[in-house]
């Protein structure tokens with residue numbers, strides 16, 4: 001499932017426009033990385049600095065979503081601090097995590 005980059009509403013796979021805000025739907029690809037809890041925060045910071053990311057989803061070993069970070073957070077560094085604190089707590093609880101990255105093409 002993909003999300004609107006403007007309003008974060010859920011989109012159907014065949015949608016060309018967002019049903020909530022009317023924005024044009026961009027093609028989004030998904031990549032998945034497996035990282036240990038020690039490298040979680042550093043890897044997320046690296047991904048946010050890439051710039052073409054729309055969403056980062058952190059999952060545990062079972063596939064449960066632990067945290068979703070919208071791309072607009074990466075633009076403003078001050079807003080990123082609470083997200084990193086949450087990632088630190090997740091890293092303390094989980095041993096291995098999967099990072100799902102949605103990127104705009």
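Would you check if residue 4 is farther than 30 Å from residue 90 by Cα and surrounded by 12 or more Cβ atoms within 10 Å (Cβ to Cβ)?
Values: farther than 30 Å from residue 90 by Cα: no; surrounded by 12 or more Cβ atoms within 10 Å (Cβ to Cβ): yes.
So residue 4 does not fit the description; no.
Given 31, 14, 26, which one is in a loop (DSSP other than H, G, I, E, B) and in contact (Cβ under 8 Å) with a residue 60 or more places away in the chain?
26
Does residue 20 meet the test of being modelled with pLDDT of 80 or more, outside any strand (DSSP E or B) and surrounded by 11 or more Cβ atoms within 10 Å (Cβ to Cβ)? Even if it seems obvious, please write down each step before you answer.
Values: modelled with pLDDT of 80 or more: yes; outside any strand (DSSP E or B): yes; surrounded by 11 or more Cβ atoms within 10 Å (Cβ to Cβ): yes.
Taking the combined requirement at face value, the residue satisfies it.
The values are calculated or read from the model by the stated rules, or taken from the named source; none is laboratory data. In this text the structure is predicted, and so the values were computed from the model without any measurement. All Cβ positions, glycine included, derive from the backbone under ideal geometry; neighbour counts span all protein chains shown.
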